[in-house]
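Encoded as structure tokens, the structure appears first; notes follow it.
The values are calculated or read from the model by the stated rules, or taken from the named source; none is laboratory data. Since we're looking at a predicted model, the values are computed, not measured. Glycine also receives a Cβ, built like all others from the backbone with ideal geometry; neighbour counts cover every protein chain displayed.
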Ligand code: 26V
């Protein structure tokens, strides 16, 4: 196990340098000091420097009796930790001094760290940004998650197709984690429920003959920005308990019995890589329950150790923030623990549960809403099913009072969806049991209350609230864009790192020639660095003098990478015809992973690669257009991509992207956005103004209104550009040796049922691109718009978002 006992007994006065020397001496064979080992020893040293503060934070929170927030999430997409720790702890200068003696550059060590890719995309990265903001604002918030042995798969390209490879991120050990066996708990599965009459004559329930799994805590430090706080991300690993099936033992099946322990260890083996369609796998439910139960037991154990089994004040002292419905089995699990383990009655347990649970919804796509077969629950979590039925019965009573005699309403709102195979609707369970339900951007929350959750909004309007997402300016500006950060420091002082609203002061300097020059120089230098990376990763030469037009995010039809690719084809076609009037030289970059089972998304990757091949191999075209697909897009890649981007593509079908957070990272770094009125784009536009944003496309309302009589043919016929793009695509020009492979894509555009309305938005997208291209040809004006974007990005700091969670949901000081 990658524990470092030496680091646990470090002297708090020891310097970073001394600490590093000790780790090199102790941990490494002297001759094998390769970069990976130096990184490991250095990271251990940085962790050691955190230990005293980490302990002090815990002690202080315990003694002060501060309210505790537990952020429960199946995903924490943390990325690398080293540069972030050095920034937040203000250790960069010291590091430079220390590393001088070892003739190794910091960047070289940083490159050795494996990304902690314990998340799919937006939802997981949001959790990571929130942890940084909570620590930086001195809030007592603990992240609870799963220590997946394998994170998000590594993406390789074979002949332009995505291939998935396992991500063994723990291969070289994880220097940041501390295994904490004293917090072990056991999590029950299977078995059945029994009832009995207790001494007071009350009926009690127990869950018996369970198969128990051990949950072992691994803690990761979460340092606040230049304050004394170190919060904790507690990740659970599943292990087998030592209880063997005695029967099997006695029958002499020793090996079988030991081998069966594997089942327990499988639970935390791998992250599910699909972020858009729910797939109903039993192992996924096991993960969810494992996380929920272990985390709640941990919170309750801590409480009981301090207050005994008196839960009068428990709800005043705790909030559980559920990151989507993934950990929503925590609701019946808290009921179970309070009733079956601590003997509380239903009403008291329900009061506590419904006053501590808060639910964040992250998607409107119906296919992503979690529903679990009742059958699966009955088998795996029988006691929880009893409790869910009881919650539902009591809640439906209330619905019946509100809408007397309305059977349809009861059926529509029931937590149990009836049918041949009855299902539990986890979102409904979460709404019923939570005191707060929030969406992640203004439009998203509005659509939730007027659509998906309309009936619930009628019943409990006070539960619903909006919390527009944000991203941490530490990682996404101070750390990833040192060129711009230094410029900001010079102009504004360093206060913006903690208070991003200060960036608005830049608006006073948009005519300042010197600032404009320095701004351009910073962008150029970032673009040169990205160009080198693109050359290395994609084999394509990007020219930093050309416009960098970027779309990086998960590949999904609703995000419409297809619209972007069609536009590239359109430009390619114009250039080949010699129609160069509207052309501004540009380099287009697309990156992102497709869910392994999502055929259409995978085909889009293939299309991008085939188009890129044609574009980049035509010497008539490359002076004006270059196109690359960036493989294995992840957090570390984004750190290099967003500082170098000129134009950020946020082009989802309106009403489909809950918020988006990549959009905010680009804006902070001075990119201009080409985008639809979707998610947080709307609020970004509000902040920066229409003159500094390339807006296009149908609104969410227009999309809905068009749906019943959508006729793609009409839009194709009306647009010469789109007609020609379709002809070129249909001619097989991009798949000469692979006839027909793109037919599913062509058909989807031409299909009147196309929910993403590619054809409807193409022309308006093209025109917005013409505007962007024209604007880019005036570097002075472009740079002014760029500055205004950074200046207007203050509202999208996750510090602002977390301030709202703190005041309006958590109620903590
Ligand atoms: C669903 C499932 C289904 C089962 C398999 C695993 C899995 C993992 C994730 C999800 C839901 C993903 C929802 C999501 O990521 N939503 C994104 O949340 C971002 C943060 O709020 C937001 O910015 C994006 O717009 C939204 O798509």
So, first residue under 11 Å from residue 642 (Cβ atoms) and without any contact (Cβ under 8 Å) to a residue 60 or more places away in the chain in region 658-682, second residue part of a loop (DSSP other than H, G, I, E, B) and within 14 Å of the ligand (Cβ to nearest atom), Cβ within less than 9 Å, six or more apart or across chains; the pairs are 663/657; 663/679; 663/680
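How many residues are away from the ligand (no atom under 13 Å from the Cβ), under 16 Å from residue 559 (Cβ atoms) and assigned to a helix (DSSP H, G or I) when one looks only at region 673-685? Please lay out each step first, then the result.
Taking region 673-685 as the starting set, the residues that turn out to be away from the ligand (no atom under 13 Å from the Cβ) are 673-674, 677, 685.
Among the residues that remain, those that are also under 16 Å from residue 559 (Cβ atoms) are: 673-674, 677.
Within this subset, residues satisfying the condition of being assigned to a helix (DSSP H, G or I) are none.
Adding up the residues that qualify gives 0.
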Residue count, region 166-210, condition under 29 Å from the mean Cα position of the chain (by Cα), part of a strand (DSSP E or B) and more than 30 Å from residue 382 (Cβ to Cβ), comes to 3
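Could you tell me whether any residue of region 261-276 is more than 16 Å from the ligand (Cβ to nearest atom), over 20 Å from the mean Cα position of the chain (by Cα), surrounded by fewer than 19 Cβ atoms within 10 Å (Cβ to Cβ) and in a loop (DSSP other than H, G, I, E, B)?
Taking region 261-276 and keeping what is more than 16 Å from the ligand (Cβ to nearest atom), we get 261-266.
After this cut, where a residue has to be over 20 Å from the mean Cα position of the chain (by Cα) as well, the list is 261-266.
Right, trim to surrounded by fewer than 19 Cβ atoms within 10 Å (Cβ to Cβ) and you get 261-263, 265-266.
Now drop any that are not in a loop (DSSP other than H, G, I, E, B), which leaves 261.
Yes.
Based on this model, can you work out whether residue 368 counts as in contact (Cβ under 8 Å) with a residue 12 or more places away in the chain, within 16 Å of the ligand (Cβ to nearest atom) and either surrounded by 20 or more Cβ atoms within 10 Å (Cβ to Cβ) or closer than 18 Å to residue 330 by Cα (or both)?
Numbers: in contact (Cβ under 8 Å) with a residue 12 or more places away in the chain: yes; within 16 Å of the ligand (Cβ to nearest atom): yes; either surrounded by 20 or more Cβ atoms within 10 Å (Cβ to Cβ) or closer than 18 Å to residue 330 by Cα (or both): no.
When the stated conditions are applied, residue 368 does not pass them.
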Note on region 586-601: residues in contact with a strand residue (DSSP E or B) (Cβ under 6 Å, 6 or more places away or on another chain), buried (at least 18 other Cβ atoms within 10 Å of the Cβ) and touching a residue at least 60 places away in the same chain (Cβ under 8 Å) are 586, 593, 594
Sole miss for residue 545 among (1) more than 16 Å from the ligand (Cβ to nearest atom); (2) touching a helix residue (DSSP H, G or I) at 6+ places or on another chain (Cβ under 7 Å); (3) in a loop (DSSP other than H, G, I, E, B) is condition (2)
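What are the residues in region 403-427 that are without any contact (Cβ under 8 Å) to a residue 40 or more places away in the chain and closer than 18 Å to residue 375 by Cα, if any? Break it down stepwise before answering.
Just the residues of region 403-427 that are without any contact (Cβ under 8 Å) to a residue 40 or more places away in the chain, to begin with: 403-408, 410-411, 414-415, 418-420.
Those that are without any contact (Cβ under 8 Å) to a residue 40 or more places away in the chain and closer than 18 Å to residue 375 by Cα: 414, 415, 418, 419, 420.
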Just wondering, is there one or more residues in region 206-225 that are surrounded by 13 or more Cβ atoms within 10 Å (Cβ to Cβ) and out of contact with any strand residue (DSSP E or B) (no Cβ under 9 Å at 6 or more places or on another chain)? yes
Counted residues in region 312-335 being within 16 Å of the ligand (Cβ to nearest atom) and either on the phi < 0 side of the Ramachandran plot or over 26 Å from the mean Cα position of the chain (by Cα) (or both) come to 8
Margin query: Quick check on region 218-238. Is at least one of its residues outside any loop (DSSP other than H, G, I, E, B) and within 16 Å of the ligand (Cβ to nearest atom)?
Written below: no
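Are any of the residues in region 158-165 more than 16 Å from the ligand (Cβ to nearest atom), surrounded by fewer than 19 Cβ atoms within 10 Å (Cβ to Cβ) and part of a loop (DSSP other than H, G, I, E, B)?
We begin by selecting, within region 158-165, every residue more than 16 Å from the ligand (Cβ to nearest atom); these are 158-163, 165.
Among the residues that remain, those that are also surrounded by fewer than 19 Cβ atoms within 10 Å (Cβ to Cβ) are: 158-161, 163, 165.
From what is left, the residues that are part of a loop (DSSP other than H, G, I, E, B) are 159-160.
Looking through region 158-165, at least one residue is more than 16 Å from the ligand (Cβ to nearest atom), surrounded by fewer than 19 Cβ atoms within 10 Å (Cβ to Cβ) and part of a loop (DSSP other than H, G, I, E, B).
For region 418-470, list the helices (runs of 4 or more DSSP H) that sit wholly inside it and hold at least 1 residues that are within 16 Å of the ligand (Cβ to nearest atom), modelled with pLDDT of 95 or more and buried (at least 19 other Cβ atoms within 10 Å of the Cβ); which are they?
On the way: elements: 426-433, 442-447, 454-459.
Output list reads 426-433, 442-447.
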The correct count of residues that are part of a helix (DSSP H, G or I), over 20 Å from residue 151 (Cβ atoms) and more than 16 Å from the ligand (Cβ to nearest atom) in region 623-672 is 2
- With the condition kept exactly as written, say whether any residue in region 567-585 is within 21 Å of residue 165 (Cβ to Cβ) and touching a strand residue (DSSP E or B) at 6+ places or on another chain (Cβ under 6 Å). no
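Take the residues of region 343-363 that are away from the ligand (no atom under 16 Å from the Cβ) and not in a helix (DSSP H, G or I): which is surrounded by the most Cβ atoms within 10 Å (Cβ to Cβ)? Walk me through how you get there before you give the answer.
First, pick out the residues of region 343-363 that are away from the ligand (no atom under 16 Å from the Cβ): 343-357.
Filter again for not in a helix (DSSP H, G or I), leaving 343-345, 357.
Working: 343: 14, 344: 19, 345: 11, 357: 27.
Per the stated criteria, the residue is 357.
Within region 144-153, how many residues are farther than 20 Å from residue 596 by Cβ, within 14 Å of the ligand (Cβ to nearest atom) and part of a loop (DSSP other than H, G, I, E, B)?
Qualifying residue count for the region: 0.
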Exactly one of 565, 583 is under 17 Å from residue 616 (Cβ atoms) and touching a residue at least 60 places away in the same chain (Cβ under 8 Å), and that one is 583
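Being more than 16 Å from the ligand (Cβ to nearest atom) and either in a loop (DSSP other than H, G, I, E, B) or within 25 Å of residue 439 (Cβ to Cβ) (or both): is that true of residue 309 here? Break it down into steps so the answer makes sense when it comes.
On the way: more than 16 Å from the ligand (Cβ to nearest atom): yes; either in a loop (DSSP other than H, G, I, E, B) or within 25 Å of residue 439 (Cβ to Cβ) (or both): yes.
Against the criterion (more than 16 Å from the ligand (Cβ to nearest atom) and either in a loop (DSSP other than H, G, I, E, B) or within 25 Å of residue 439 (Cβ to Cβ) (or both)), residue 309 qualifies.
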*What do you reckon, is residue 293 in contact (Cβ under 8 Å) with a residue 60 or more places away in the chain, farther than 20 Å from residue 812 by Cβ and more than 16 Å from the ligand (Cβ to nearest atom)?*
yes
Going through (1) part of a helix (DSSP H, G or I); (2) touching a residue at least 60 places away in the same chain (Cβ under 8 Å); (3) buried (at least 20 other Cβ atoms within 10 Å of the Cβ) one by one, residue 615 fails only at (2)
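Does residue 279 satisfy being farther than 23 Å from residue 338 by Cα, surrounded by fewer than 16 Cβ atoms within 10 Å (Cβ to Cβ) and within 16 Å of the ligand (Cβ to nearest atom)? Before you say what the answer is, go through the steps one by one.
Values: farther than 23 Å from residue 338 by Cα: yes; surrounded by fewer than 16 Cβ atoms within 10 Å (Cβ to Cβ): yes; within 16 Å of the ligand (Cβ to nearest atom): yes.
So residue 279 passes the test.
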The helices (runs of 4 or more DSSP H) lying entirely within region 70-143 that contain at least 2 residues which are within 16 Å of the ligand (Cβ to nearest atom) and on the phi < 0 side of the Ramachandran plot are 122-136
Over region 56-69, the set of residues surrounded by fewer than 24 Cβ atoms within 10 Å (Cβ to Cβ) and assigned to a helix (DSSP H, G or I) is 56, 58, 59, 60, 61, 62, 63, 64
* Asked: Would a scan of region 186-202 turn up a residue that is away from the ligand (no atom under 16 Å from the Cβ), closer than 30 Å to residue 60 by Cα, in contact with a helix residue (DSSP H, G or I) (Cβ under 7 Å, 6 or more places away or on another chain) and modelled with pLDDT of 85 or more?
  -> yes
